[in-house]
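Here the structure is laid out as structure tokens; the discussion comes afterwards.
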Amino acid sequence: MEEVIKQLTDAQLIIMALAGLAALLAGYKIKKVAFFIVWFIIGLNLTNFLMPWINTTVPQIAHNSLWQNLLPIAGGILVAFMGFTIEKICVAGTAFALVLIITAQYFGTEMQTMLLGSILGVLAAGTAVMLMKPAVIVVTSIAGAYVLTLSVLHWAKQIDPGISFFPMLAGISAFGIVVQALTTKRD
């Protein structure tokens with residue numbers, strides 16, 4: 001978890017936190033935009049994860065701060081446009097990705113752990129597609145809560161992430177789910 005945050009600039013983290021807040025509180029109402037935001041965040045993090053490989057492959061950009069900041073944003077936009085196009089695949093992919101991200105971040109990346117996370121991710125994806133509206137509310141709330149939790153833990157250094165991550169994620173997610181459920185009752 002800390003590795004992801006340490007790779008982001010303050011501007012990227014602020015943008016991510018604002019996007020997470022929008023997804024948390026209004027994910028269903030702005031679902032197309034929320035899916036774009038969620039996939040942007042996934043693409044940004046994925047590109048940040050791949051930056052060492054990209055820098056090795058194209059060493060001319062390794063010490064250029066413009067490319068180091070621009071490529072993750074471009075990767076986020078590219079993945080966001082791909083996820084933006086098909087709603088059911090987007091919901092399923094987001095549910096699957098959230099389960100895998102949380103699995104890898106908190107339980108490690110050993111083969112057995114990732115296999116179990118993948119199985120749970122497939123079950124979450126299938127359930128999300130069957131229950132579209134509640135799934136959109138839950139998925140966007142969890143995605144927004146995940147980003148906000150990471151942001152809070154980055155900015156509030158006195159909070160121990162090992163103890164606080166899951167309680168914060170659960171509490172912020174629950175708040176987002178309640179807010180979205182109450183504001184979309186008639187939709």
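The values are calculated or read from the model by the stated rules, or taken from the named source; none is laboratory data. Given the structure is predicted, the values throughout are model-derived calculations rather than measurements. Neighbour counts run over all protein chains shown; Cβ positions are idealised from the backbone, glycine included. What goes into the accessible areas is simple: the full protein's heavy atoms, side chains included, and nothing from ligands, DNA or RNA. Shrake-Rupley method; radii C 1.70, N 1.55, O 1.52, S 1.80 Å.
Things worth noting here:
- Residue within the range 137-155 that is open to solvent by less than 70 Å² (accessible area, probe 1.4 Å), over 18 Å from the mean Cα position of the chain (by Cα) and at pLDDT below 90 present: no
- Here GLN105 meets the list (1) open to solvent by 90 Å² or more (accessible area, probe 1.4 Å); (2) closer than 16 Å to ASN45 by Cβ almost entirely, failing just condition (1).
- Residues that are of a type in the set (Phe, Trp, Tyr) and modelled with pLDDT of 90 or more do occur in the range 169-184, at least one of them.
- Residue-level analysis places ALA170 among those that are under 20 Å from ILE42 (Cα atoms), open to solvent by 40 Å² or more (accessible area, probe 1.4 Å) and of a type in the set (Gly, Ala, Ser).
- Residue check for ASN48: assigned to a helix (DSSP H, G or I), at pLDDT 85 or above and touching a Pro at 6+ places or on another chain (Cβ under 7 Å): yes
- Pairs linking a residue in the range 149-173 that is aromatic (Phe, Trp, Tyr) to a residue that is open to solvent by less than 30 Å² (accessible area, probe 1.4 Å) and part of a helix (DSSP H, G or I), with Cβ atoms under 8 Å and 6 or more positions apart or on different chains, are PHE165/THR149; PHE165/LEU153.
- Of the residues making up the range 77-96, just one is modelled with pLDDT of 90 or more and within 13 Å of the chain's Cα centre (by Cα), namely PHE96.
- Members of the range 65-90 found to be open to solvent by less than 40 Å² (accessible area, probe 1.4 Å) and free of Cβ contacts under 8 Å to residues at least 60 places away in the same chain, listed by number: GLY75, GLY76, VAL79, ALA80, GLY83, CYS90
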